[in-house]
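The values are calculated or read from the model by the stated rules, or taken from the named source; none is laboratory data. Predicted, not measured: the structure shown is a model, and the values here were computed from it. With ideal geometry, Cβ positions are generated from the backbone for all residues, glycine too; neighbour counts draw on all protein chains shown.
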Amino acid sequence: MTELLYMDNSYLKEFTAKIVSVSDDGVVLDKTAFYPVGGGLPSDTGYIIAGDEKIRVKHVFKKGGEVYHVIEGTVSEGIEVKGVIDWDRRYRIMRLHTAAHLLSGLLYSKLKVLITGNAIREDRAHIDFSLEKTDRELFQQVINEANDLIKQGRPVKIYYMEREKVLQTPGLIKLAGKLPPNVPVLRIVEIEGIDIQPDGGVHVADIREIGEIKMLKIQNKGKNRKRLHYTVEP
């Protein structure tokens with residue numbers, strides 16, 4: 001299985017690894033800091049540097065415990081390469097993702113609403129909530145509260161917890177109708193005093209780094225799917 005370096009360090013911009021296999025699916029490394037598409041987040045992009053050759057990584061996905069890097073070029077098995085993340089793109093995704101946890105944590109604490117869908121892109125994101133009605137005033141109130149907290153700052157902690165303990169702890173599962181992966185130990189992301197939930201994605205280390213959350217629009221996507229579109233500035 002590919003060692004997932006981003007799980008313990010979202011700020012790792014470069015790394016060295018060995019090419020384990022090359023196939024039509026892509027290049028598998030023994031370890032990677034590239035985040036594979038999933039969990040509502042896009043994959044990282046960047047480069048693999050093999051000797052003097054700089055090869056574009058245009059997409060990354062996970063299959064069967066291995067991470068496949070789809071590249072624009074060719075490489076050979078067994079060689080050591082350097083991986084380089086498109087950092088500005090990654091960092092913005094980190095900010096948008098941590099903002100999603102902050103907003104969902106605040107809404108859960110107020111109304112016990114759950115997340116019924118989400119998608120984060122390079123420049124914006126949306127979250128669907130299990131609200132009965134579309135409430136612009138509520139969403140703006142939560143965003144204002146989130147921005148006040150961002151100015152104060154709170155650490156974002158990463159640690160691990162046994163799956164059974166996660167399932168037995170009230171408030172940790174915030175995804176409606178979906179249990180966390182069936183693995184013995186889960187990665188936990190905690191915004192101190194605000195939100196805690198199982199999550200495998202990339203995050204900033206303090207909510208100060210999010211910047212300012214701006215509401216773009218809200219939509220009624222059906223029963224229990226009230227969608228908030230937002231971005232972060234600058």
Considering segment 17-26, residues that are over 15 Å from Gly64 (Cβ atoms) and aliphatic (A, V, I, L, M), and then whichever is surrounded by the most Cβ atoms within 10 Å (Cβ to Cβ), we arrive at Ala17
Contact list, first residue from segment 160-174 and in the same structural domain as Val185 (by TED's automatic domain parsing) and farther than 12 Å from Leu114 by Cβ, second anywhere and modelled with pLDDT under 95 and among the hydroxyl-bearing types (Ser, Thr, Tyr), beta-carbon distance below 9 Å, six or more apart or interchain, is Met161/Thr169
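Mind checking whether some residue in segment 184-191 is in a helix (DSSP H, G or I) and surrounded by 13 or more Cβ atoms within 10 Å (Cβ to Cβ)?
Taking segment 184-191 and keeping what is in a helix (DSSP H, G or I), we get none.
No, segment 184-191 contains no residue that is in a helix (DSSP H, G or I) and surrounded by 13 or more Cβ atoms within 10 Å (Cβ to Cβ).
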Residues in segment 115-149 that are small (Gly, Ala, Ser) and outside any strand (DSSP E or B) total 2
